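To keep things clear, I will list the structure first and then write my remarks on it.
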Amino acid sequence: MVVVVVTTDSAPQWFAELFAHRRWIRRIQPFPHVYARDVFVPEFYQRLTDELDRVRRERPELFGAIAEGYSADGVQLAELRDGPLAVFTSREWHDLVAQVGGVEATGDIEGSVHHHAPGSPFGWPHNDLNPAWFPGEPPGPDEVRVPDDTVDTKTGARAPDVVARETVRAVAVLFYLGNPGWAPGDGGETALYDHVADGNALPSVTLVPPLDNSLVLFEVTPRSWHTFAGNNAKDRNSVVMWVHRTRADAEQRWGGDRIVHW
Amino acid sequence: MSTGERRVCLLTGASGTLGDAFCRAYYQDYDIVAVCRTRTPDTPSQLKWYVDPLAPKTPVPDNESRVFVVRADLTQPGEVERVVDLALARFGQVDLLVNNAAQVRLHPRGIVDGDAALEQFDPHFALNVSVPLRFSARLAQRSWLHAGDENRSRNRNIVNVSSISGSEVYPGQTVYSASKAALDHLTRGIAAEFAEFGVRANAIAPNSFPALVPTERVAQAIAELDASSLSGGVFGVGVEPEELAGSRRVGLDAESY
């Protein structure tokens, strides 16, 4: 498999102009992650929320359960490639995420727009170090691949004549949108854990608020423990997505036994 | 070690309202040792720094001035000494000590309403008086005491963050006010004693911030005192003259007394 090392130093102008500023914050606690407020310029952020409203209004059938036992419903990003939300499945965004996360990514993108109804329960700590199967040959340097109906993203199940590749989630991004007026006490944060191993002591938790036009981004590792903090007073919306690394890269980096199968 | 160009500031209470404002306003002017108990100031530090999302491998100039965060509960035995040692190990010197950490618990129904005021006496005097005393003494003993010429050439000094409550009586603030009054006079005593080896000491006594005076202006008063040659004063910030009985009326700027 060919892995393309990308650089965003030469990001096209149209892409660079989407960003409100170039000062994101890299934090090391409770585990390394990047946090940013006011990610996109207001005009583009408004287009993103307008699109989310339009999809919810005109295509409610797209919203389905994200996972068994998980409190969110949502829409796959692969279904949203005909409007501004397509930025999250663009090659430019993929390359930016991979570079900021510090990984060599494959060009494969998976993700959804998540919606948690008011009063959603606390999730459970997980690290996202999961496999993901994508259809077809590896994408070229200017391409991305997203899941389709021919391959089960979680298991790789497919017809005998279908080509697919196994990857592992490499960098996670949570972008918050459509949560106007969020204030402390409204709940629905993303909880980041320093550890989950010691049953005798509560882990310290950093709560990332779902502020509109903000994001948290982190390399997926065996210790990137996080969850949805629940108890949201209002609807809580976000884009949750990953870029991926090859299975071999993940095994070399973390060991194959650390990969969490579905 | 210090960059050699910037002054080194040891600041307690660095993640509070004033501490955070001071760090954000002056982190590119000072090498700051930011002493925090839980949160951290919103500036580049060893715990967080800026990255350019479009060129993440390109150095960001703002990161060249990183605050050095030290977590400490200063009321615990040995913590002040540990912080002083870390500051000197990191930068080799301290030019400005800002005693900003404070205990603030009000008793709106008075000191006779239950035991709360009695129980809060020790915590107030521990953090608001004893910790500034200990920082001043330890820093002098470990760095300043035999360096008079260097102290004077570096214009080294202490700024204690007091309050207008240290000179005025406000309902519900008896214990807090008493601790700040003690801090005011501790400042005067330190100024008199430390003159021997060329270290100045002053206090600022701001009005309520950010409600009545902008926090940034209080932070500015600290920097102005650092740049001055004043010593032994308690200077109001955002305070009308008649509100500051017992304190010197010396202007740091046109609106300070």
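The values are calculated or read from the model by the stated rules, or taken from the named source; none is laboratory data. The model shown is predicted, which means the values in this text are computed figures rather than measured ones. Every residue, glycine as well, gets a Cβ built from its backbone with ideal geometry; the counts of neighbours run over all protein chains shown.
Are there any pairs with C-beta distances below 6 angstrom linking a residue in segment B:37-58 that is within 14 Å of A:ALA36 (Cα to Cα) to a residue that is assigned to a loop (DSSP other than H, G, I, E, B) and of a type in the set (A, V, I, L, M), with the two at least 6 apart or on different chains, and if so which?
Final answer for the pair search is B:TYR50/B:VAL60; B:ASP52/B:VAL60; B:LEU54/A:ALA11.
Within segment A:39-50, does at least one residue satisfy the condition of being assigned to a strand (DSSP E or B) and within 14 Å of chain B (Cβ to nearest Cβ)?
yes
Among the residues of segment A:39-61, is any surrounded by 15 or more Cβ atoms within 10 Å (Cβ to Cβ) and on the phi > 0 side of the Ramachandran plot?
No; the residues of segment A:39-61 include none that is surrounded by 15 or more Cβ atoms within 10 Å (Cβ to Cβ) and on the phi > 0 side of the Ramachandran plot.
Select from segment A:74-119 the residues that are in a strand (DSSP E or B) and of a type in the set (A, V, I, L, M, F, W, C) and list them in ascending order.
Residues satisfying the conditions are A:VAL75, A:ILE109, A:VAL113.
Would you pick out the residues in segment A:112-161 that are buried (at least 20 other Cβ atoms within 10 Å of the Cβ), over 20 Å from A:GLY256 (Cβ atoms) and of a type in the set (Ser, Thr, Tyr)?
A:SER112, A:SER120
Of everything in segment A:213-262, what is assigned to a loop (DSSP other than H, G, I, E, B) and closer than 22 Å to A:ALA78 by Cα? Give them in sequence order.
Answer for segment A:213-262, where residues must be assigned to a loop (DSSP other than H, G, I, E, B) and closer than 22 Å to A:ALA78 by Cα: A:ASN213, A:VAL220, A:TRP262.
Output the residue which, of all residues in segment B:1-12 that are closer than 19 Å to B:VAL84 by Cβ and of a type in the set (Ser, Thr, Tyr), is surrounded by the fewest Cβ atoms within 10 Å (Cβ to Cβ).
Among those residues, the one meeting the criterion is B:SER2.
Looking only at segment A:25-40, which residues are within 29 Å of A:ASP73 (Cβ to Cβ) and either under 18 Å from the mean Cα position of the chain (by Cα) or β-branched (Val, Ile, Thr) (or both)?
A:PHE31, A:HIS33, A:VAL34, A:TYR35, A:ALA36, A:ARG37, A:ASP38, A:VAL39, A:PHE40
Return yes or no: is A:GLY156 in contact (Cβ under 8 Å) with a residue 12 or more places away in the chain, part of a loop (DSSP other than H, G, I, E, B) and either in contact with a Phe, Trp or Tyr (Cβ under 6 Å, 6 or more places away or on another chain) or within 14 Å of another protein chain (Cβ to nearest Cβ) (or both)?
yes
Considering only segment B:170-223, state which residues are part of a loop (DSSP other than H, G, I, E, B) and among the polar types (S, T, N, Q).
Listed by number, the residues that qualify are B:GLN173, B:ASN207, B:SER208.
Quick check on segment A:190-202. Is at least one of its residues surrounded by fewer than 19 Cβ atoms within 10 Å (Cβ to Cβ), within 14 Å of chain B (Cβ to nearest Cβ) and modelled with pLDDT of 95 or more?
No - not one qualifying residue is present in segment A:190-202.
What is the residue count in segment B:28-64 for residues that are within 14 Å of chain A (Cβ to nearest Cβ) and among the aromatic types (Phe, Trp, Tyr)?
So the count comes out to 2.
Quick one: A:ARG165 ticks every box in (1) touching a Pro at 6+ places or on another chain (Cβ under 8 Å); (2) outside any strand (DSSP E or B) except a single one, so which number is it?
For A:ARG165, the exception is condition (2).
Among the numbered criteria (1) touching a residue at least 60 places away in the same chain (Cβ under 8 Å); (2) outside any loop (DSSP other than H, G, I, E, B), which single criterion is violated by B:ALA137?
Only one criterion is unmet by B:ALA137, namely (1).
Looking at (1) in contact (Cβ under 8 Å) with a residue 40 or more places away in the chain; (2) hydroxyl-bearing (Ser, Thr, Tyr); (3) more than 25 Å from B:GLU216 (Cα to Cα), find the lone condition where B:THR17 falls short.
The failed condition is (3).
Could you check how many residues of segment B:13-50 are surrounded by fewer than 21 Cβ atoms within 10 Å (Cβ to Cβ) and among the hydrophobic types (A, V, I, L, M, F, W, C)?
Number of matching residues: 3.
Give the residues of segment A:11-27 that are at pLDDT 95 or above and at the interface with another protein chain (Cβ under 7 Å from one of its Cβ atoms), sorted by residue number.
Once the filter is applied, which keeps residues that are at pLDDT 95 or above and at the interface with another protein chain (Cβ under 7 Å from one of its Cβ atoms), segment A:11-27 yields A:ALA16, A:PHE19, A:ARG22, A:ARG23, A:TRP24, A:ILE25, A:ARG26, A:ARG27.
Given (1) surrounded by 20 or more Cβ atoms within 10 Å (Cβ to Cβ); (2) at pLDDT below 85; (3) in a helix (DSSP H, G or I), where does B:GLU242 come up short, assuming only one miss?
Failed condition: (1).
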